[in-house]
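Visitor: Here you go, one structure.
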Amino acid sequence: MMNANEDEIAPAVRSILAAAREREGGTERLAVDARSLTDAVAAVEADGRVPIIAEVKPTSPTTEGTRDEDPVELAEQMVAGGAAALSVLTEPEHFGGSTANLRRIREAVDVPVLRKDFVVREDQLDVVESDVVLLIARFVDDLAGLVEAAESRGFQALVEVHDAAELEAALAADASIIGINNRDLAKLEVDLVTFEEVATGVPDDVTLIAESGVSTVDDVRRMRAAGADALLVGTAIMGAGDVTENVRRLTTATQETT
């Protein structure tokens, strides 16, 4: 796998990746009529708010506890708070996600929905319809091929990178939506400086998303100042407090005074 010395990857991530490689793909090629993530981001910006991709994340190896509410209710609350789009975990073993949840949520909301999973083969694209699919550059052998395979089905591809080399590979694969993950999957450590450093190499015509580590209004402002068109936020929304208000607080960050 690209840029992935597996001896250097955190055991939790190694386990997730091993499970992903064994997971079956779909049996029939999908054709998706996708809602545009870039249009959704532009609409929220035009409204003077920060585009937030809110993540329906029941649990994960890097967080404590779970949310027991119905995922559709959580998704609807996030949209009510002003989320530009939603991210839905479909990885079952480690994140408590499911394709069934994604289907139900996508039927219930009118914003774009990202499938958040470790997709490593083309046939795994055919498991469930979504508007956007996550492709993690570090774990994909043929990134350009998988981006093309996703887009040929109608998906938008969000290519996740963590460093300059992965960014170069994403750009070479003609990725038009790129997420910079502040979490180092080798160590599971988070540093917002990652986005600030890697973002300097992203062309203006790419939709750029900051992922992981955003928990406060100041974090939102910091990532926006560094060039983030949108922010993918999970724990800060799914944690304590009202989900709708958690989203609203972040999406209106630039409207508040410091």
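Visitor: Being exposed (fewer than 15 other Cβ atoms within 10 Å of the Cβ) and not charged (D, E, K, R) is the filter here; which residues of region 39-52 pass it?
Guide: Once the filter is applied, which keeps residues that are exposed (fewer than 15 other Cβ atoms within 10 Å of the Cβ) and not charged (D, E, K, R), region 39-52 yields Ala43, Ala46, Gly48.
For (1) surrounded by fewer than 16 Cβ atoms within 10 Å (Cβ to Cβ); (2) over 19 Å from Ala42 (Cα atoms), each residue gets a yes or a no:
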site	(1), (2)
Asp219	no, yes
Ala236	no, yes
Ala240	yes, yes
Thr244	no, yes
Val247	no, no
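Visitor: Another question about this same structure. Given the conditions (1) in contact with a Lys or Arg (Cβ under 9 Å, 6 or more places away or on another chain); (2) under 20 Å from Ala175 (Cα atoms); (3) surrounded by fewer than 18 Cβ atoms within 10 Å (Cβ to Cβ), and given that Phe195 satisfies all but one, which numbered condition is not satisfied?
Guide: That leaves (3) as the condition not met.
Visitor: Could you tell me how many of the residues in region 217-242 are more than 16 Å from the chain's Cα centre (by Cα) and modelled with pLDDT under 95?
Guide: Residues meeting the conditions: 4.
Visitor: Being of a type in the set (Gly, Ala, Ser), within 16 Å of Lys57 (Cβ to Cβ) and in a loop (DSSP other than H, G, I, E, B) is the filter here; which residues of region 204-258 pass it?
Guide: Those that are of a type in the set (Gly, Ala, Ser), within 16 Å of Lys57 (Cβ to Cβ) and in a loop (DSSP other than H, G, I, E, B): Ser212, Gly213, Ser215, Gly234, Gly239, Ala240, Gly241.
Visitor: What are the residues in region 48-70 that are out of contact with any helix residue (DSSP H, G or I) (no Cβ under 6 Å at 6 or more places or on another chain), at pLDDT 55 or above, of a type outside the set (Val, Ile, Thr) and more than 14 Å from Glu211 (Cα to Cα), if any?
Guide: Answer for region 48-70, where residues must be out of contact with any helix residue (DSSP H, G or I) (no Cβ under 6 Å at 6 or more places or on another chain), at pLDDT 55 or above, of a type outside the set (Val, Ile, Thr) and more than 14 Å from Glu211 (Cα to Cα): Gly48, Pro58, Asp68, Glu69, Asp70.
Visitor: In region 244-258, which residue that is among the β-branched types (Val, Ile, Thr) and under 18 Å from the mean Cα position of the chain (by Cα) is nearest to Ala75 (Cα to Cα)?
Guide: Selected residue: Val247.
Visitor: Quick one: in region 11-38, which of the residues that are β-branched (Val, Ile, Thr) and outside any loop (DSSP other than H, G, I, E, B) is most open to solvent (accessible area, probe 1.4 Å)?
Guide: Just the residues of region 11-38 that are β-branched (Val, Ile, Thr), to begin with: 13, 16, 27, 32, 38.
The next check asks that each one be outside any loop (DSSP other than H, G, I, E, B); those that pass are 13, 16, 38.
Values: Val13: 5, Ile16: 6, Thr38: 56 Å².
Ranking the candidates gives Thr38 first.
Visitor: From the residues in region 138-191 that are of a type in the set (Asp, Glu) and within 16 Å of Val120 (Cα to Cα), which one is surrounded by the fewest Cβ atoms within 10 Å (Cβ to Cβ)?
Guide: Per the criteria, the residue is Asp141.
Visitor: Restricting the search to region 185-200, which residues are in a strand (DSSP E or B) and hydrophobic (A, V, I, L, M, F, W, C)?
Guide: Listed by number, the list holds a single entry, Val190.
The values are calculated or read from the model by the stated rules, or taken from the named source; none is laboratory data. Since the model is a prediction, treat every value here as computed from it, not as a measurement. Backbone-built Cβ (ideal geometry, glycine too); neighbour counts: all protein chains shown. Calculation scope for accessible area: heavy atoms of the full protein, side chains included, ligands and nucleic acids excluded. Shrake-Rupley method; radii C 1.70, N 1.55, O 1.52, S 1.80 Å.
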